[in-house]
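S.K.: Supplied in structure tokens, the structure appears directly below.
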Amino acid sequence: MKKSHVLYRIGRVSLFDAWRSRRYPRTKFFSLIRGAIACLTVPVDGSRFRVHRHCFVGVTPGATLELGHSVILYEYSRINVEGIGARLRISDRTVLNSGAQIFCRNSVTIGTKSGLGFNTLVTDTDFHPIEGQEISAPVVIEDHVWVGANVTILKGVTIGKGAVIAAGSVVTSDIAPGMLAVGSPAKAIRPIEWEF
């Protein structure tokens with residue numbers, strides 16, 4: 001891995017990128033901006049992941065991002081890992097479809113062979129204090145989980161192995177392994193099996 005704070009930079013440097021570099025000089029990030037190549041395979045710590053254009057990955061000092069082998073980030077995906085001790089782990093052969101966003105300030109773990117659909121949001125934080133509640137709690141998405149388009153997964157949730165979350169759902173509580181969950185808030189309605 002490169003020793004500089006900026007891991008990878010592709011394309012022209014915009015005014016926003018120049019401002020961000022001065023504003024957050026210790027942040028590790030790469031940004032695929034307009035005019036960049038269509039797809040890039042990047043080696044990180046011995047594993048390889050594929051990044052399509054217009055993606056953003058930001059990791060602040062003291063935070064950890066672990067990417068497994070053959071992870072794919074499609075266009076407009078966004079990953080933010082912020083804060084001392086924050087840890088995001090995305091395991092092997094996991095796919096983040098276009099517009100998927102992960103915000104991590106505590107701990108987010110995504111298992112092997114899982115998929116996040118278009119415009120999915122996964123967050124382990126409320127981003128601000130709410131009286132009587134913790135600001136953040138870990139999120140765990142176990143192996144072989146499919147998350148449909150426009151799903152929101154909130155803090156403190158565990159989604160069991162082999163589960164499917166239907167499009168447009170809001171997950172506020174745990175989902176048992178091998179179940180189909182639907183609605184806002186998402187509720188498990190029946191067992192399901194699926195192939196990736």
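S.K.: Yes or no: segment 155-167 includes at least one residue that is part of a loop (DSSP other than H, G, I, E, B), modelled with pLDDT under 95 and of a type in the set (Val, Ile, Thr).
M.R.: No; the residues of segment 155-167 include none that is part of a loop (DSSP other than H, G, I, E, B), modelled with pLDDT under 95 and of a type in the set (Val, Ile, Thr).
S.K.: Considering only segment 30-72, give the strands (runs of 3 or more DSSP E) lying wholly within it that have at least 1 residues that are modelled with pLDDT of 80 or more and hydrophobic (A, V, I, L, M, F, W, C).
M.R.: Working: elements: 39-44, 47-52, 56-59, 64-67.
In segment 30-72, the matching strands (runs of 3 or more DSSP E) lie at 56-59, 64-67.
S.K.: Picking from His128, His144, which residue would you name as being over 19 Å from His54 (Cα atoms) and touching a residue at least 24 places away in the same chain (Cβ under 8 Å)? Spell out the reasoning first.
M.R.: Values: His128 fails: touching a residue at least 24 places away in the same chain (Cβ under 8 Å).
Exactly one residue qualifies, and that residue is His144.
S.K.: Which of the residues spanning segment 75-105 are among the basic types (Lys, Arg), part of a loop (DSSP other than H, G, I, E, B) and either in contact with a His (Cβ under 6 Å, 6 or more places away or on another chain) or farther than 17 Å from Lys155 by Cβ (or both)? Please lay out each step first, then the result.
M.R.: If we filter segment 75-105 for residues that are among the basic types (Lys, Arg), which is where we start, we get 78, 87, 89, 93, 105.
Imposing the further condition that a residue be part of a loop (DSSP other than H, G, I, E, B) reduces the set to 93, 105.
Correct list: Arg93 only.
Residue-by-condition table, conditions (1) hydroxyl-bearing (Ser, Thr, Tyr); (2) farther than 23 Å from Lys187 by Cα; (3) in a strand (DSSP E or B); (4) in contact with a Cys (Cβ under 9 Å, 6 or more places away or on another chain):
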residue: Asn119; (1), (2), (3), (4): no, no, no, no
residue: Ile130; (1), (2), (3), (4): no, yes, no, no
residue: Val140; (1), (2), (3), (4): no, no, yes, no
residue: Asn150; (1), (2), (3), (4): no, no, no, no
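S.K.: Here are some residues: Ile189, Ile130, Ile102. Which one is surrounded by 18 or more Cβ atoms within 10 Å (Cβ to Cβ) and aliphatic (A, V, I, L, M)? Spell out the reasoning first.
M.R.: Values: Ile189 fails: surrounded by 18 or more Cβ atoms within 10 Å (Cβ to Cβ); Ile130 fails: surrounded by 18 or more Cβ atoms within 10 Å (Cβ to Cβ).
When all the criteria are applied, what remains is Ile102.
S.K.: Which one of the conditions (1) more than 24 Å from Cys55 (Cα to Cα); (2) part of a strand (DSSP E or B); (3) touching a residue at least 12 places away in the same chain (Cβ under 8 Å) does Val108 fail to meet, given that it meets all the rest?
M.R.: Here Val108 meets the rest and fails (1).
S.K.: For segment 168-181, name all the residues that are outside any loop (DSSP other than H, G, I, E, B) and closer than 21 Å to Lys113 by Cα.
M.R.: Of the residues in segment 168-181, the ones outside any loop (DSSP other than H, G, I, E, B) are 170-171, 175, 179-181.
Passing the criteria: Val171, Ile175, Met179, Leu180, Ala181.
The values are calculated or read from the model by the stated rules, or taken from the named source; none is laboratory data. In this text, all values refer to a predicted model and were calculated from it rather than measured experimentally. Counting neighbours? That spans all protein chains shown, and the Cβs are built from the backbone with ideal geometry, glycine included.
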